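Scroll down for the structure; my scribbles are underneath it.
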Amino acid sequence: MRYVIAGGTGFLGQALSRELIAQGHDVVVLTRGRARATGGVRQISWPDGDDWRRAIDGADGVVNMAGAGIADRRWSAARKEELGGSRITSTRLLVGAMQDAETRPKVFLSGSAVGFYGPQP
């Protein structure tokens, strides 16, 4: 099966990619960085260009974990808006690409870590 992961270069995305590859799946990661292939994962730059839209067309599943990093900076009012906006924008882009696809993915999983869980033992 082929999975497309937005946010796949993050902590959880990398772990998910490794696990899917270990199970024999094809993994494409959408990245804001430079496209490359690493560790059996093909990375495609997004949201510019159309390569990422073509990757979604015919994929079995799309996983969205994209968004600005939550621990990068202090959470000012502007930063909170950026955190939310980055997640909303990425979700809208992915949904639009899936709607436009000739063969739509069977599964779309979207999540974001915007909660605070406090100190843990």
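The values are calculated or read from the model by the stated rules, or taken from the named source; none is laboratory data. Keep in mind that this is a model prediction, so the values were computed, not measured. Cβ: placed from backbone, ideal geometry, glycine included. Neighbour counts: every protein chain shown. In case anyone asks, the SASA skips ligands and DNA or RNA and just uses the protein heavy atoms, side chains included. Shrake-Rupley method; radii C 1.70, N 1.55, O 1.52, S 1.80 Å.
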Original post:
Can you tell which of 112, 90 is modelled with pLDDT under 85, crowded, with 17+ Cβ neighbours inside 10 Å and under 14 Å from residue 5 (Cα atoms)?
Top reply: 112
**OP:** Could you grab the pairs with beta carbons closer than 7 Å, sequence gap of 6+ or different chains, first residue in region 71-98 and in a helix (DSSP H, G or I), second one open to solvent by 90 Å² or more (accessible area, probe 1.4 Å)?
**Re:** 79/73; 98/104
Original post:
Condition test on residue 60, is it in contact with a His (Cβ under 9 Å, 6 or more places away or on another chain), charged (D, E, K, R), exposed (fewer than 15 other Cβ atoms within 10 Å of the Cβ) and at pLDDT 90 or above?
Top reply: yes
Original post:
Does region 2-29 hold any residues that are loosely packed, with under 14 Cβ neighbours inside 10 Å and under 17 Å from residue 59 (Cα atoms), and which are they?
Top reply: 23, 24
Original post:
Listed residues 74, 32; which is touching a strand residue (DSSP E or B) at 6+ places or on another chain (Cβ under 8 Å), open to solvent by 70 Å² or more (accessible area, probe 1.4 Å) and not β-branched (Val, Ile, Thr)?
Top reply: 32
Original post:
Which residues, counting only those in region 77-87, are surrounded by 13 or more Cβ atoms within 10 Å (Cβ to Cβ), out of contact with any Gly (no Cβ under 8 Å at 6 or more places or on another chain) and of a type in the set (D, E, K, R)?
Top reply: 79, 82
**OP:** Looking only at region 35-57, count how many residues are farther than 20 Å from residue 89 by Cα, surrounded by 14 or more Cβ atoms within 10 Å (Cβ to Cβ) and among the β-branched types (Val, Ile, Thr).
**Re:** 1
